[in-house]
Amino acid sequence: MKKSFFSQLTLAVFVAGSMLVVHAKAADPSNELRKSGGSKLLTEWMGLHLKAIPVSKIPSHHTRQLAYMGVAVYESIVAGDPGYRSLAGLLNGYNYVPPVPTEKDFCWQASANAAMAETFRYFYADNPHTLLQVDSMEQACRQWLMNYGFSES
């Protein structure tokens, strides 16, 4: 299950992340995440997770969920920085990373946004209220990225 989860998640994240691209090469997305306030996307998602914990049916799994979410986010953006390497082959059952699309510029924040949304949908599939919040957060983050200069294509 873990192998297919990571493989499917990585593929979904790359596809979703490639939907937002930079049309003007004004800002390097990896530098934008490092800027003051650049972590807003991740802190918003973590805040949503902390709010979802008390209403979860299985509260003891949250530490594991946070770990999986961290790995998913890392894997969704690791290819954007040559100084880092994938965890594929280092984690049990996680051996394959799909190649990053190279035909257009890639929005790494959109990739991280998609990773968080997909992991939430996986872990909270039985909680409709949380899923509505996930959909709302994903769209809000997409809108934030578009307002910041990225566009869908």
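The values are calculated or read from the model by the stated rules, or taken from the named source; none is laboratory data. All of these numbers come straight from a predicted model, not from anything done at the bench. Don't worry about glycine lacking a Cβ; one is built from the backbone with ideal geometry, like all the others, and counts go over all protein chains shown. Note: areas computed on protein heavy atoms with side chains; ligands, DNA, RNA excluded. Shrake-Rupley method; radii C 1.70, N 1.55, O 1.52, S 1.80 Å.
Give me the residue from the stretch 102-153 that is in contact with a strand residue (DSSP E or B) (Cβ under 9 Å, 6 or more places away or on another chain) and among the small types (G, A, S) and, out of that set, farthest from L42 (Cα to Cα). Looking at the filtered set, the residue picked out is S153.
Kindly indicate whether any position in the stretch 70-87 is surrounded by fewer than 11 Cβ atoms within 10 Å (Cβ to Cβ) and either part of a loop (DSSP other than H, G, I, E, B) or modelled with pLDDT of 85 or more (or both).
Of all residues in the stretch 70-87, those surrounded by fewer than 11 Cβ atoms within 10 Å (Cβ to Cβ) come to 82-83.
Of the ones still in play, those that are also either part of a loop (DSSP other than H, G, I, E, B) or modelled with pLDDT of 85 or more (or both) are 82-83.
Looking for residues that are surrounded by fewer than 11 Cβ atoms within 10 Å (Cβ to Cβ) and either part of a loop (DSSP other than H, G, I, E, B) or modelled with pLDDT of 85 or more (or both), one finds at least one in the stretch 70-87, hence yes.
Restricting attention to the stretch 118-133, the residues being open to solvent by 70 Å² or more (accessible area, probe 1.4 Å) and either touching a Pro at 6+ places or on another chain (Cβ under 9 Å) or in a helix (DSSP H, G or I) (or both) number 5. Considered as a group, the residues in the stretch 102-117 that are assigned to a loop (DSSP other than H, G, I, E, B) and either open to solvent by less than 30 Å² (accessible area, probe 1.4 Å) or of a type in the set (V, I, T) (or both) include one that is modelled with the lowest pLDDT, and that residue is T102. Considering the stretch 134-153, and only residues there that are touching a residue at least 12 places away in the same chain (Cβ under 8 Å) and of a type in the set (S, T, Y), the residue that is most open to solvent (accessible area, probe 1.4 Å) turns out to be Y148.
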